[in-house]
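Written out below as structure tokens is the structure these notes cover.
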Number of protein chains: 4
Amino acid sequence: MRLAMIGLGRMGANIARRLMRGGHEVVAFDRDEKAVATMAGEGAIAATSLEDVVARFDGQRIFWVMLPAGAPTEETIETLTKLAAPGDIIIDGGNTFYKDDIRRAKSCAMEKLHYVDVGTSGGVWGLERGYCMMIGGEEATVDLLEPIFETLAPGTGDLVRTKGRDGLDNRAERGYIHAGPAGAGHFVKMVHNGIEYGLMQAYAEGFDILKGKSSEKLPEDERFSLNLPDIAEVWRRGSVISSWLLDLTAIGLAADHDLEQFTGHVSDSGEGQWTIDAAMEEAVPANVLTAALFARYRSRVDTTFGDKLLSSMRYGFGGHVEMPQ
Amino acid sequence: MRLAMIGLGRMGANIARRLMRGGHEVVAFDRDEKAVATMAGEGAIAATSLEDVVARFDGQRIFWVMLPAGAPTEETIETLTKLAAPGDIIIDGGNTFYKDDIRRAKSCAMEKLHYVDVGTSGGVWGLERGYCMMIGGEEATVDLLEPIFETLAPGTGDLVRTKGRDGLDNRAERGYIHAGPAGAGHFVKMVHNGIEYGLMQAYAEGFDILKGKSSEKLPEDERFSLNLPDIAEVWRRGSVISSWLLDLTAIGLAADHDLEQFTGHVSDSGEGQWTIDAAMEEAVPANVLTAALFARYRSRVDTTFGDKLLSSMRYGFGGHVEMPQ
Amino acid sequence: MRLAMIGLGRMGANIARRLMRGGHEVVAFDRDEKAVATMAGEGAIAATSLEDVVARFDGQRIFWVMLPAGAPTEETIETLTKLAAPGDIIIDGGNTFYKDDIRRAKSCAMEKLHYVDVGTSGGVWGLERGYCMMIGGEEATVDLLEPIFETLAPGTGDLVRTKGRDGLDNRAERGYIHAGPAGAGHFVKMVHNGIEYGLMQAYAEGFDILKGKSSEKLPEDERFSLNLPDIAEVWRRGSVISSWLLDLTAIGLAADHDLEQFTGHVSDSGEGQWTIDAAMEEAVPANVLTAALFARYRSRVDTTFGDKLLSSMRYGFGGHVEMPQ
Amino acid sequence: MRLAMIGLGRMGANIARRLMRGGHEVVAFDRDEKAVATMAGEGAIAATSLEDVVARFDGQRIFWVMLPAGAPTEETIETLTKLAAPGDIIIDGGNTFYKDDIRRAKSCAMEKLHYVDVGTSGGVWGLERGYCMMIGGEEATVDLLEPIFETLAPGTGDLVRTKGRDGLDNRAERGYIHAGPAGAGHFVKMVHNGIEYGLMQAYAEGFDILKGKSSEKLPEDERFSLNLPDIAEVWRRGSVISSWLLDLTAIGLAADHDLEQFTGHVSDSGEGQWTIDAAMEEAVPANVLTAALFARYRSRVDTTFGDKLLSSMRYGFGGHVEMPQ
């Protein structure tokens, strides 16, 4: 199929590459002309503007927007809505807030355009491993895009098959699902990222406790000096907590045993926060996912005003003056 | 009554003073001779050693040990156990772990000594306000010490009386309780401190959110520059969250609006940790008390190894390199 | 001053009463005619409709809207905006989300109306104790309403004065503050409620641990059967954790030692959730306030799907089948 | 090698089987004669008592104790200590608290016995997949047991090799490590289980949020009815959160979409609690691991006294009476 990739950052470029390797035609556009030239060098059809993108199609157009969530995506989709013809398909493959998808799908429907949201996981490894995709939109449109998703997905690979899936939708086993109407794809991806934060923090706390076991605060005969790279590695082998994140942990620790290259300031993208919003809207307790998010906030400041307030109260009732330790 | 105060730090000295003001005789001992001399100057009977303390009594002795929990208290009580005569009373007024009280009470009973644990709250304000006391030990011994507790406690004061207390033990209304057998006093005090951590952290987080509302990260028309000293003050007046800790917060903020004198490193004593241990032994969920304790741990380090591990994983799947912000 | 009270529920009626006691004239309106008749019997000027409310003023009108947040308040204010004349003042005294205040203040300004938001704490006790008020709006309007706030506030009372407040705004000491522009009042009240949840949960967990200490799961010589009403009472007296919430706890426990009249399902209003939203917008960690909110969510369901998923995983790796305990 | 397996429950029996398949000789003992007979039928040397176990060796004996942690393990090891001869090796393969290992290793050393602790992960799947093992003890003894560990471990299998491990200890890649002196094996296994709880709870909360998205509490156009078995399945394929626990989740959901066979009461073993103890001893914040543990406590009770206390306070200040919802 012919598909326009709008946004040729790391993710967009790799998705375009995997599509071309799979025999699809890609119209490539980015504000950065060099990025377009690079893709053209790899076989893509270069476009110089959104208008030009539109001109590169005969009949039904498929636009895959792969831009930062928020204004860049919003403005591009608004423009496309004006340039597109009835029946065209706009795919938002970025990290959009799902309520924006619901709103946009309604606007698109008024113009007889089809809107599809695709939550995509796999990071920089997706080009080789394939992308795990969670898709929202009308059934007919999602079905029509089947060849695209088929190419991008990891496929069944050599994973042990889950017992009991006979008769269930086999797209899940090939690495993509039609999660529901517009917004459902990004909603499922959002929760995926919320879980990701929780998993990561669980490992982080565990390794912190392993590391802290050599602390001189402990009685000497209760200290252990543990080999963290070996521990991460052995847990990959038959343990209950083996995972892809643990594989990455093992790689990271093998390369830099003390992780000295990192400052310890950890970013978060919107999905973690939105997941907590969703939990609160549903009145679902989510202590682990929230604590994981808050640990990242805390990692980015040296101290908090709240910490100082604690010291102030302690001074108030006990005459303690807190000193750095 | 005559009572020996062993340990003349801030707490011990003030308790001794309040007892003397209430007409009791205090035998004062501390390893620091100056502290003893100071108390003697205020009317106490100076003692030069634990042996000397023992010699200053005719008949039944009452020892109030007011030393740091752990080795100092343990060793002193061991020595007293040897020096004392059957019928003597050893009071541990410090912050001892309640299981140590249970053990010691058994040892004391074998020597026909009486062991009483007194958890004491009130901080440096206790000399004037009186001490809130939670007492563990045999009923007869606690009853015998009534004049001591009566003097040290705040008394009913002018607090609004709690409806429905007719017929209940009026010692609680005067500021002390006999909580149960040995250990029960320190157990109740331990939970008191666990709650204290939780309350303090609730205020700390709230004021952090008030403070953060002026952040330039927010859209300009959603920012407020709030007057924190005034907010603390107004909440003292008829609000649901008025409390003594809020009174202290108001004092602290009035004196130093930005709390610049504090580094933000916050200590914790054993009680917070022991409260979580107790919760786990009982299988009681205690997310708030635990989060309050962990916030203090986090306040004392610049970064954690776990934070770096998060960055390492993020680098692994997304090629992100975390930078300080 | 003459003020219209729109909404005569528990809060609105008591505020109207306190105003009349303070010499103000109150125009009373509610959809429930009986509520209006009751207030009229206590000296208010009865109104039969919002139009009638408007007709009861000569010159500048002051409307105090005291209705449930959301649609009831929104619709009433919309109607008032149409009925009012330039210079009139609309006060929202309910639990409105502060971003709604910001929006409404802008709309009102276009009609030359003044919008003021008043966050009010004090519950059913406010009639006697006075109301703690956090106010947002233009300075001139808030100043003009001074006599109203003066009457409603608790006043300085006999609380110990906070050191260091000479030269600071004395309205805080009388029980109300002008927190900032429109929305600031409800923002501060929102954080107040967030803190309230945290404080309440800290006490809840502490008393849970005290209660659990009698559990038969514990070794017999480590169990205590503690008197919770007495503990709550004694902590009111000179302890670090004395507070108004503890006063209420002591009343509740004295009346019903085992709190058997309560099911344990605990509601939450919007402010707790909005406080977490604010924390996330500011990237402020708020583990305690969040855990307090989530404990309420959890209290309202018998089990969660997540709990079942844990059992399913345990069955998967260990062959455990979870049984009720 | 010849090794005695003491304790033939699910884990002990399977470990014995894997050893025998690997060419080792197993002396089998259990208090349950049937269990012994079963193993004998599979080729093991049956023993009728610990004394008989001892008699079944010429020269250096190797005892693998695989019993519930606590009294059963403790008593068995005490008895073995008396029966064994200098040079014999006692392995504790259960879930023992690592401080007990440290203590026991000292006692054993006084009798010239060697004590080795082996933390074992893999559950019921270990017989086929192999066991991930974390080992504590003296280097020479661990080296001597190499053939045992080699047989039990999963081996390198077909996992992608971690970059950067050239020159590092290759035992980790084969599925076992010598973590340090006695206790280190169980310490690492303990943290493994702490992490396991955190990972599981992260998935549990995420699926709870997915499930809750169909709730009628939400506005109709924001509800999604999501297919959880398909979501679990697709996340196995190239997503960042793929893991073995997710594989099990996918199996569980495929078999029973609503997990109706489970009550939602979730047990915990000691390791989760000990991990938090270790975190507190090291002053390491561990909000996620703790919240995961507490969620299990909460799952096992219908309500808490703390919940009722919240309602009591709410009644106190607001006149609310909480009703079931």
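The values are calculated or read from the model by the stated rules, or taken from the named source; none is laboratory data. Keep in mind it's a predicted model, so treat the numbers as computed, not measured. Cβ placement follows ideal geometry from the backbone for every residue including glycine, while neighbour counts extend to all protein chains displayed. For the accessible areas, the whole protein counts, side chains as well, though only heavy atoms, and no ligand, DNA or RNA atoms are used. Shrake-Rupley method; radii C 1.70, N 1.55, O 1.52, S 1.80 Å.
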From the list B:LYS99, B:LYS112, exactly one residue is within 30 Å of C:ALA232 (Cα to Cα), out of contact with any His (no Cβ under 6 Å at 6 or more places or on another chain) and not hydroxyl-bearing (Ser, Thr, Tyr). Which is it?
B:LYS99
Return a yes/no flag: does the range D:270-278 have any residue that is over 17 Å from A:PHE207 (Cα atoms) and either more than 7 Å from chain A (Cβ to nearest Cβ) or in contact with a Gly (Cβ under 7 Å, 6 or more places away or on another chain) (or both).
yes
Are any residues in the range A:118-134 in a helix (DSSP H, G or I) and in contact (Cβ under 8 Å) with a residue 60 or more places away in the chain, and if so, which ones?
A:VAL124, A:GLY126, A:LEU127
Does C:ASP143 qualify as being of a type in the set (Asp, Glu) and facing chain B (nearest Cβ under 9 Å)?
no
Among the listed residues C:MET11, C:MET39, which satisfies the condition of being crowded, with 22+ Cβ neighbours inside 10 Å, aliphatic (A, V, I, L, M) and at pLDDT below 95?
C:MET11
Sole exception among (1) of a type in the set (A, V, I, L, M); (2) at pLDDT 95 or above; (3) open to solvent by 40 Å² or more (accessible area, probe 1.4 Å) for B:ALA28, by number
(3)
Would you confirm, using the coordinates I've provided, whether C:GLY167 is over 29 Å from B:GLU282 (Cα atoms), surrounded by 22 or more Cβ atoms within 10 Å (Cβ to Cβ) and not assigned by the TED database to the domain that holds C:TYR297?
no
Mind counting the residues in the range B:93-111 that are under 18 Å from B:LEU83 (Cβ atoms), within 14 Å of chain C (Cβ to nearest Cβ) and among the charged types (D, E, K, R)?
1
Which residues, counting only those in the range C:69-96, are over 18 Å from C:ARG31 (Cα atoms) and buried (at least 17 other Cβ atoms within 10 Å of the Cβ)?
C:THR81, C:ALA84, C:ASP88, C:ILE89, C:ILE90, C:ILE91, C:ASN95, C:THR96
Among the listed residues C:THR162, C:THR263, C:THR249, which satisfies the condition of being within 19 Å of C:GLY122 (Cβ to Cβ) and either over 18 Å from the mean Cα position of the chain (by Cα) or more than 7 Å from chain B (Cβ to nearest Cβ) (or both)?
C:THR249
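Okay, residues lined up against (1) at pLDDT below 95; (2) open to solvent by 10 Å² or more (accessible area, probe 1.4 Å); (3) under 30 Å from C:VAL288 (Cβ atoms):
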{"position": "B:TYR98", "(1), (2), (3)": "no, no, yes"}
{"position": "B:ARG103", "(1), (2), (3)": "no, yes, no"}
{"position": "B:GLY126", "(1), (2), (3)": "yes, no, yes"}
{"position": "B:MET133", "(1), (2), (3)": "no, no, yes"}
{"position": "B:GLU139", "(1), (2), (3)": "no, yes, no"}
{"position": "B:GLU150", "(1), (2), (3)": "no, yes, no"}
{"position": "B:GLU173", "(1), (2), (3)": "no, yes, no"}
{"position": "B:ALA182", "(1), (2), (3)": "no, yes, no"}
Filter the range C:3-56 for residues that are basic (Lys, Arg) and farther than 21 Å from C:GLY126 by Cβ; the one that is farthest from the other protein chains (Cβ to nearest Cβ) is C:ARG56
From the residues in the range D:105-117 that are at negative phi and part of a loop (DSSP other than H, G, I, E, B), which one is least open to solvent (accessible area, probe 1.4 Å)?
D:LEU113
The correct count of residues that are β-branched (Val, Ile, Thr) and closer than 18 Å to A:ASP143 by Cβ in the range A:83-104 is 3
Please state which of the following conditions A:THR290 fails to meet, knowing it meets all the rest: (1) within 16 Å of A:MET200 (Cβ to Cβ); (2) more than 7 Å from every other protein chain (Cβ to nearest Cβ).
(2)
